[in-house]
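Okay, structure first, notes after.
The values are calculated or read from the model by the stated rules, or taken from the named source; none is laboratory data. Values in this document were obtained by computation on a predicted structure and should not be read as measured data. FYI the Cβ positions are ideal-geometry reconstructions off the backbone, even for glycines, and counts take in every protein chain you see. Keep in mind that these areas ignore ligands, DNA and RNA; they rest on the heavy atoms of the full protein, side chains included. Shrake-Rupley method; radii C 1.70, N 1.55, O 1.52, S 1.80 Å.
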Amino acid sequence: MQYKFFPHTEEDIKVMLDKIGVPSLDALFAEVPEEIRFRRDYDLPNSKSEIEIRNFFDNLGKQNKQLTVFAGGGVYDHYTPSIVPYIVSRSEFLTSYTPYQAEISQGTLHYIFEFQSMMAELTGLPIANASMYDGSTATAEAAIMAIASGKKANKVLVSETVDDKILAVIRTYTHFQDAQIELIPAEDGITSRTAMQEKLQQGGVAGVIVQQPNKFGIVENYDGFADDCHQQKALFVMNSVAADLALLKSPGELGADIAVGDGQSLGLPINFGGPSVGYLCCTEKLIRKMPGRIVGQTLDNRGQRAFVLTLQAREQHIRREKATSNICSNQSLMALWATIYLSLMGKEGLKEAAQMSVNGAHYLYDKLIASGKFKPAFNQPFFNEFCVKYVGGNVDELQQRLIDNGILGGIKMADDMLMLAVTEKRTKEEVDLLVSLVTQ
């Protein structure tokens, strides 16, 4: 065979090519431009022993520069208790996938049920599904849920204070959904309630999506927003960082119909950007519009507690023509990670970590403003992330100076605006070092 690692014989390949009416493999890929084809030998080293391979990758890893993280924007450097990866790595968890054979997947179903229970408690909403890919896609799924529930309404309003990355995913997901995505203007970094009310009164709105804290780190006051939406028969959707709900008003308390967000803040390592886990919770009347699956608890014929896939009617492999979503496999392993983290931290531990993050952020903010080199970008309350304007300086040069000194110094929001985040991992010494570097 030409390629010994392919399972198909030459005869297999010929049958497939004949079936589609193509004479050869080269003809099959004729549309691929020659300039992007790889025609050389791969630059691979000779075979190595196990210890040589380990040394090779150890040296490669040492080229990475480890920075102290003061950046957020949806991904935060929270502490992971050392026991979490050990429990997650147990073979019965590590090898688990989607529980298609639910009756023999009790372990998997059990921790998914616990994940659902914990997310329902955090969000203050009664129904939670068995996790989503991440916060952005969960928000897009909520937009589709709103449209599916809105009968003839196909417009979704998204606040300008929702993260641009999330908005991009919403637009992508709804592109072929006959949906209209309109932005609600912001004033001084927060959603304009007046503008939202005006758009709602125009009619045809299926849902309104806001973020808490928003993309600037601001904690918005959403009291009354749900009432505005419900008066016009629209759903109110809130995207929140999961860990922040330990201290903030829950979406349920604010009257939200759907709560979505990212669970990365629940001890999931940054890992160069993934994987993460999303959550989606809702009111009971929306349960059959939810994507994914729902695990429930029951009793078996011996009266013992057992877990079942209560709902999966909107799964990709069942009634596809009626599906409102194509999500199938879920981030179950990361849901397990978050579940173990929450179990270890408990309510008080989660609150303490969140409060330490808030205290650290406000300490850094006060130091920067007092230096005279920065001024407030907004006159609004914030959680553990905030924006400041760099007075008379270059943000790019400032960030490079921090990197040169081992600090990942926030996110550039504008030519003169920087957004910084603080978590419970950041020490006073690290914060003071950052302040001394940026105020030179």
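Annotations
- Virtual spin-label span in nm between Lys412 and Leu433, 7 Å along Cα→Cβ: 2.4 nm
- Counting every alpha-carbon pair across the stretch 154-261, the share separated by more than 16 Å comes to 54%.
- DSSP-defined antiparallel bridges as percent of all bridges, the chain, nearest 5: 60 percent
- Kirkwood-type radius of the chain, with distances r between different C-alpha atoms, in Å: 24.4 Å
- The convex hull defined by the C-alpha atoms of the stretch 83-341 has an orientation-averaged projected area of 14.3 nm².
- Once the C-beta distance of Ser343 and Ser91 is scaled by a Förster radius of 22 Å, the resulting FRET efficiency is 0.65 to the nearest 0.05.
- Taking each residue as 0.36 nm, the span from Tyr363 to Ala168 lengthens on full extension beyond its C-alpha to C-alpha distance by 66.9 nm.
- Accessible-area ranking of Arg40, Arg426, Arg401, Arg193, largest first, probe 1.4 Å: Arg40, Arg193, Arg401, Arg426
- Each Lys and Arg contributes +1 and each Asp and Glu -1, all at the Cβ; summed about the Cα centre of the chain, the dipole is approximately 740 debye.
- Per-residue ellipticity at 222 nm, computed for the chain from helices alone with -39500 (n - 2.57) per DSSP H run of at least four residues, works out to -11000 deg cm²/dmol.
- The portion of the accessible surface of the chain made up by carbon and sulfur, rounded to a whole percent, is 52 (1.4 Å probe; DNA, RNA and ligands excluded).
- Relative contact order computed over the stretch 83-341 (Cα-Cα under 8 Å; 6+ residues apart), in percent: 27 percent
- Potential extension, Ala30-Asp12 segment - 0.36 nm per residue separation minus Cα distance: 4.4 nm
- Take every Cα pair under 8 Å whose residues are at least 6 apart in sequence, average their separation, divide by the length of the chain, and the relative contact order is 20 percent.
- Residue-level accessible surface for Phe307, protein heavy atoms, 1.4 Å, Å²: 10 Å²
- Whole-percent pair-distance distribution, where bins are 10 Å wide, for the alpha carbons of the stretch 387-440: 23, 60, 16, 0
- Accessible area of the chain divided out per residue, in Å², using a probe of 1.4 angstrom: 53 Å²
- 5 angstrom amide H check on Val158, placed H, neighbours 5+ away: Glu182, Leu183, Ile184, Ile209
- With the convex hull drawn over the C-alpha atoms of the stretch 1-56, the volume per residue is 137 Å³.
- Taking the charge dipole of the chain about its Cα centre, with +1 at Lys and Arg Cβ atoms and -1 at Asp and Glu Cβ atoms, the residue from Asn221, Gly150, Leu67 reaching farthest to the positive side is Gly150.
- Percent of C-alpha pairs per 10 Å bin in the stretch 93-221, short distances first: 12, 33, 32, 16, 6, 0.
- For the pair the stretch 222-241 and the stretch 167-218, the centres of their Cα atoms are 11 angstrom apart.
- Those lysines that a straight Cα-Cα span of less than 17 Å connects to Lys347, excepting residues fewer than 8 apart in one chain: Lys249
- Qualifying lysines (Cα of each under 25 Å from Cα of Lys151; at least 8 residues distant if same chain): Lys199, Lys233, Lys285, Lys289, Lys322
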